[in-house]
Amino acid sequence: MPEVRYVKAIADALAEEMARDERVIVLGEDVGAPGGTFGATRGLYQQFGKERVRDTPISETAIVGAAIGAAVAGLRPVVEVMFMDFIATCWDQVVNQMAKMRYMFGGQVRLPLVVRTHTGAGLNAGPQHSGSLEAWAVHVPGLKVVMPATPADAKGLLKAAIRDDNPVLVLENKTLYAMKGEVPAGEHVTPLGRAEVRRGGSDVTIVALSRMVGEALRAAETVAAEGISAEVIDPRTLAPLDRDTILASVAKTGRLVVAHEAWAPCGVGAEIIALAAEHRGAPRVPRGASEGGGVWGAMSGPPTLMVRRVTPPHTPVPFSPPMEKLWLPDAARIAAAVREVMG
Amino acid sequence: MREPTRDQALRIYRTMHLIRRFEERVAECFAAAEIPGFIHLAVGQESVPATVCALLERDDLVGATHRGHGQVLAKGAEPRRVMAELFGRATGYCRGKGGSMHLCAMDLGVLGTNGVVGANLPIAVGTALAAQVRATRQVTVGFFGDGAANTGAAHEALNLAAVWDLPVVFVCENNLYAEFTPQAVHTKGTSIAARAAAYGMRGVQVDGNDVPALFDAAAEAVDAARSGAGPTLLEAMTYRWRGHHEGDPMAYRAKDELEAWRAKDAIPRFRAWLVERGMLAADEDERLVGAVAAEVDDATEFARRSPWPAPEAALEDVHA
């Protein structure tokens with residue numbers, strides 16, 4: 001398989017989908033002729049022209065609102081919001097318009113649109129350019145949310161998001177843009193709503209998001225040398241969450257560590273731990289439960305459950321390198337949490 | 001000066017009556033607790049949507065406001081299904097999911113009334129963008145009020161539409177109040193339309209209760225949008241006769257102000273214009289007003305007779 005950088009995988013996905021479907025357009029600040037702040041739209045303007053690849057004013061509300069209108073009227077827009085922190089400026093359009101529109105109109109409209117934005121600390125970008133705000137989006141009904149952790153998923157999830165008839169927030173991690181990884185040649189679409197078990201194990205389940213997937217895999221390697229077998233799950237899609245894969249793993253291990261860059265209170269990790277806790281001691285774990293329903297399968301819930309969260313401190317992301325290093329969770333902290341749940 | 005044809009003129013006149021009668025009926029039904037929730041009525045402002053929408057084709061689009069029943073009806077929505085939606089019934093346009101402030105009739109190009117002031121304008125820019133990219137010649141009208149004019153969403157939408165020459169007409173129904181707050185308290189300038197110059201688009205301020213004057217300005221704006229000449233900001237000066245919402249005691253305004261605007265009511269003014277041109281005989285007028293009253297009665301009875309939605313329908317339509 002060819003090795004591709006994460007950022008190139010995104011550009012490839014956009015180019016392929018634009019070539020495949022003329023309804024796909026790209027909107028955002030500096031996404032056209034400049035090719036995007038981080039190069040994620042490089043080449044699109046030259047290939048598809050200014051009608052379909054549009055540089056916009058610095059107007060997140062208008063950009064996202066325009067994408068909503070364009071989607072309702074038959075296009076399949078892909079919007080870039082430059083940093084996820086900036087999504088606060090257009091949150092009304094995301095939450096009150098995009099997410100609710102199909103529901104409040106009784107199913108009269110479809111909203112095939114994608115909002116790409118990026119999260120992640122580690123580049124000394126400071127408090128307003130480093131946030132991981134996925135929990136905001138996951139909280140809201142009507143939005144789908146993905147967080148690719150590898151180049152293959154950056155491509156595959158974005159292609160699936162563009163083909164979906166619902167609004168999808170694609171949360172890339174800017175510190176992964178330079179990451180190289182294998183991406184299957186040819187058509188590569190990663191279905192939404194399916195987690196990936198990145199490493200099998202039997203003693204403890206680590207559920208990690210975005211950049212923390214890599215840190216979790218390093219932690220699993222470390223604790224393996226100590227005789228601890230850790231299973232690492234990358235949910236990839238946070239909404240709808242693949243509850244089955246997580247519950248099946250926790251049913252086996254009875255120990256759960258969650259790791260993400262978002263703050264702990266009401267974060268996705270808290271949701272995952274709550275999900276596991278609801279099934280602790282259950283004689284049967286519901287399968288197909290991703291949307292809250294589903295039939296009862298053969299697995300049992302764990303009789304006991306030990307949990308830990310690995311998250312940053314509840315402060316804004318600090319700017320100065322030594323402070324940011326302390327702030328950002330890493331493999332060592334995940335390994336320490338694993339040792340704690342092992343008792 | 002572009003004048004409406006007889007057909008257009010009678011359509012405008014009929015639509016104004018329909019909106020007036022409909023809104024008055026909504027007020028009664030709301031007072032009788034037949035309509036749940038919050039209601040914002042546009043009595044006094046009927047001429048604006050009635051005139052602007054008479055210039056639109058069926059596949060043109062309208063982004064409506066929280067005070068939008070009239071805008072939705074003027075685009076051709078069935079009074080029955082609008083009233084049923086306000087009653088929260090399964091036969092409403094949104095099957096009871098939306099109500100007054102989220103009233104969508106997508107097959108008529110009604111993108112919904114919107115409960116967030118100003119938020120409909122970026123979305124209207126988006127449907128205009130789709131029309132431009134797909135070269136459909138569709139025009140989008142984005143209605144808003146003088147209150148919405150001060151939202152960031154309005155500013156961003158106007159600028160984006162201008163810079164991309166999008167086929168959209170921004171129609172400000174300036175009723176002189178942002179909820180309870182008079183324009184002089186919320187805006188220093190006296191013309192919203194004057195802002196258009198800064199965006200690089202046409203701006204026109206017109207007496208919104210003067211149907212022929214409004215028609216002329218709106219026709220030019222719609223033609224410009226359709227022919228690729230970009231957006232227009234059209235400010236129609238009008239007045240809201242009732243409160244911001246039903247139940248608002250309107251302590252913030254003088255009684256003589258309302259009386260002065262009642263004297264400028266667009267409906268008798270336009271009736272006189274029609275009669276003067278021989279477009280409307282007295283018996284025709286009577287028939288038309290009677291037919292509108294019957295239509296609103298029918299819509300009300302339809303809504304009353306309609307079933308409530310199944311509670312479980314609350315779980316549908318989150319995703320496509």
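Tabulated data
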| item | result |
| --- | --- |
| Selection status of residue B:137, surrounded by fewer than 24 Cβ atoms within 10 Å (Cβ to Cβ) and away from every other protein chain (no Cβ under 11 Å) | yes |
| Wholly within the stretch A:132-244, strands (runs of 3 or more DSSP E) carrying at least 2 residues that are of a type outside the set (Ser, Thr, Tyr) and out of contact with any Asp or Glu (no Cβ under 9 Å at 6 or more places or on another chain) | A:168-173 |
| Checklist (1) within 18 Å of residue B:12 (Cα to Cα); (2) free of Cβ contacts under 8 Å to residues at least 60 places away in the same chain applied to residue B:258, failing item | (1) |
| Extreme residue, farthest from the other protein chains (Cβ to nearest Cβ), among residues of the stretch A:17-30 that are crowded, with 16+ Cβ neighbours inside 10 Å and more than 19 Å from residue A:58 (Cα to Cα) | A:17 |
| Qualifying residue in the stretch B:270-280 (condition: in a helix (DSSP H, G or I), among the aliphatic types (A, V, I, L, M) and at pLDDT below 95) | no |
| Any hit, the stretch A:31-47, residues being over 30 Å from residue B:105 (Cα atoms) and within 14 Å of chain B (Cβ to nearest Cβ) | yes |
| Residue within the stretch A:3-20 that is part of a loop (DSSP other than H, G, I, E, B), farther than 20 Å from residue A:87 by Cα and assigned by TED's automatic domain parsing to the domain that holds residue A:75 present | no |
| Tally, over the stretch A:244-265, of residues that are at pLDDT 95 or above and either of a type in the set (Lys, Arg) or assigned by TED's automatic domain parsing to the domain that holds residue A:127 (or both) | 1 |
| Residue that is farthest from the other protein chains (Cβ to nearest Cβ), among those in the stretch B:140-151 that are touching a residue at least 40 places away in the same chain (Cβ under 8 Å) and of a type outside the set (A, V, I, L, M, F, W, C) | B:146 |
| Considering residues of the stretch B:245-291 that are β-branched (Val, Ile, Thr) and within 22 Å of the chain's Cα centre (by Cα) only, the residue farthest from residue B:67 (Cα to Cα) | B:289 |
| Qualifying position, being buried (at least 19 other Cβ atoms within 10 Å of the Cβ) and facing chain A (nearest Cβ under 9 Å), among B:196, B:178, B:130, B:154 | B:130 |
| Flag for residue A:56 being touching a Cys at 6+ places or on another chain (Cβ under 7 Å) and either at pLDDT 95 or above or more than 7 Å from chain B (Cβ to nearest Cβ) (or both) | no |
| Matching residues, the stretch B:157-167, being crowded, with 24+ Cβ neighbours inside 10 Å and facing chain A (nearest Cβ under 10 Å) | B:157, B:158, B:160, B:161, B:166 |
| Qualifying residue in the stretch B:180-196 (condition: touching a residue at least 40 places away in the same chain (Cβ under 8 Å), more than 19 Å from residue B:236 (Cβ to Cβ) and out of contact with any helix residue (DSSP H, G or I) (no Cβ under 7 Å at 6 or more places or on another chain)) | yes |
| Candidate set from the stretch B:184-240 (those that are of a type in the set (A, V, I, L, M, F, W, C) and part of a loop (DSSP other than H, G, I, E, B)); member that is farthest from the chain's Cα centre (by Cα) | B:229 |
| Scope the stretch A:199-216; condition touching a residue at least 40 places away in the same chain (Cβ under 8 Å) and either under 22 Å from the mean Cα position of the chain (by Cα) or under 25 Å from residue A:119 (Cβ atoms) (or both); matching residues | A:205, A:206, A:207, A:208, A:209, A:210, A:211, A:212, A:213, A:214, A:215, A:216 |
| Every residue from the stretch A:80-111 that is more than 10 Å from chain B (Cβ to nearest Cβ) and not in a helix (DSSP H, G or I) | A:80, A:81, A:82, A:83 |
| Number of the exception - residue A:115 against (1) crowded, with 24+ Cβ neighbours inside 10 Å; (2) within 8 Å of chain B (Cβ to nearest Cβ); (3) in a strand (DSSP E or B) | (2) |
| Among residues of the stretch A:53-79, those that are in contact with a strand residue (DSSP E or B) (Cβ under 7 Å, 6 or more places away or on another chain) and assigned to a helix (DSSP H, G or I), counted | 7 |
| Hey, residue A:159 charged (D, E, K, R), more than 14 Å from every other protein chain (Cβ to nearest Cβ), surrounded by fewer than 24 Cβ atoms within 10 Å (Cβ to Cβ) and touching a residue at least 12 places away in the same chain (Cβ under 8 Å) or not | yes |
| Evaluation of residue B:120 against (1) touching a Gly at 6+ places or on another chain (Cβ under 7 Å); (2) under 16 Å from residue A:56 (Cα atoms); (3) more than 7 Å from chain A (Cβ to nearest Cβ) (one fails), failing number | (2) |
| Filter pass, residue B:316 being without any contact (Cβ under 8 Å) to a residue 24 or more places away in the chain, within 14 Å of chain A (Cβ to nearest Cβ) and more than 30 Å from residue B:165 (Cβ to Cβ) | yes |
| Subset of the stretch B:19-66 that is crowded, with 22+ Cβ neighbours inside 10 Å and small (Gly, Ala, Ser) - its residue that is farthest from residue B:137 (Cα to Cα) | B:44 |
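The rows are residues; the columns are (1) under 30 Å from residue A:99 (Cα atoms); (2) surrounded by fewer than 17 Cβ atoms within 10 Å (Cβ to Cβ); (3) out of contact with any strand residue (DSSP E or B) (no Cβ under 6 Å at 6 or more places or on another chain).
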{"residue": "B:265", "(1), (2), (3)": "no, no, yes"}
{"residue": "B:271", "(1), (2), (3)": "no, no, yes"}
{"residue": "B:276", "(1), (2), (3)": "no, yes, yes"}
{"residue": "B:280", "(1), (2), (3)": "no, no, yes"}
{"residue": "B:291", "(1), (2), (3)": "no, yes, yes"}
{"residue": "B:314", "(1), (2), (3)": "yes, yes, yes"}
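The values are calculated or read from the model by the stated rules, or taken from the named source; none is laboratory data. Here the structure is a predicted model, which means the values were calculated and not measured. As a convention, Cβ positions derive from the backbone with ideal geometry for all residues, glycine included, and neighbour counts pool all protein chains shown.
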